[in-house]
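Following: one structure in C-alpha cells, then a few remarks.
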Amino acid sequence: QVQLVESGGGLVQAGGSLRLSCAASGSVVNIDSIGWYRQAPGKQRERVARIIGDGTKIYEEAVKGRFNISRDNANNMVYLQMNSLKSEDTAIYYCRLIDRGRIYWGQGTQVTVSS
C-alpha cells in the first residue's frame, strides 16, 4: 500500500503564490507517474500537472507558465509551485501516484484564491 499526504494549501489573494507538497510513503517501488489534480465545487476532477516515469513534466493549458511541478526522488516528495494564482484556481488539490499500475490518491488540500 501507498499513502499520500498533501499539505500547503490555504487562502491567498489573486496574483499570489502557494507551494503544495505531497509526501508518499509505504510500498513505493516503481513510480509510473506522480502529479496533481484538482476539483472545484460543482466540477469534475481535472488534471493539473504530472511527472511521468522518464522525468518528463506535463502541464495542462490552464496552468502552463504559472505552475511548476517538481519531485524529490530520494524522499518520495512531489511539489507544486503555483504562481500568479487566479480565482479559477480555487479547488481541492489532490496528489495522485501510479505505482506498478496501481493508482493512489491523497486526501486533498484546499486552495482558495480570493479576487
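The values are calculated or read from the model by the stated rules, or taken from the named source; none is laboratory data. All values derive from a computational prediction rather than experimental measurement. Glycine gets a Cβ as well: all are built from the backbone with ideal geometry, and neighbour counts include every protein chain shown. Each accessible area value is taken on the protein alone, full model and side chains, heavy atoms only, with ligands, DNA and RNA left out. Shrake-Rupley method; radii C 1.70, N 1.55, O 1.52, S 1.80 Å.
Before moving on, here are some points about what is shown:
- If you check 29, 5 for being touching a residue at least 40 places away in the same chain (Cβ under 8 Å) and assigned to a loop (DSSP other than H, G, I, E, B), only one passes: 29.
- From 16, 35, residue being modelled with pLDDT of 95 or more and in a loop (DSSP other than H, G, I, E, B): 16
- Any chance residue 21 is open to solvent by less than 90 Å² (accessible area, probe 1.4 Å), closer than 24 Å to residue 1 by Cα and at pLDDT below 95: no
- Consider region 38-53 and keep the residues that are among the charged types (D, E, K, R) and in a strand (DSSP E or B). The one that is surrounded by the most Cβ atoms within 10 Å (Cβ to Cβ) is 38.
- For region 53-111, a residue qualifies if it is of a type in the set (Ser, Thr, Tyr), out of contact with any Gly (no Cβ under 9 Å at 6 or more places or on another chain) and within 13 Å of residue 38 (Cβ to Cβ), and exactly one does: 90.
- Condition met for residue 109 (surrounded by 13 or more Cβ atoms within 10 Å (Cβ to Cβ), over 29 Å from residue 1 (Cβ atoms), of a type in the set (Ser, Thr, Tyr) and within 16 Å of the chain's Cα centre (by Cα)): no
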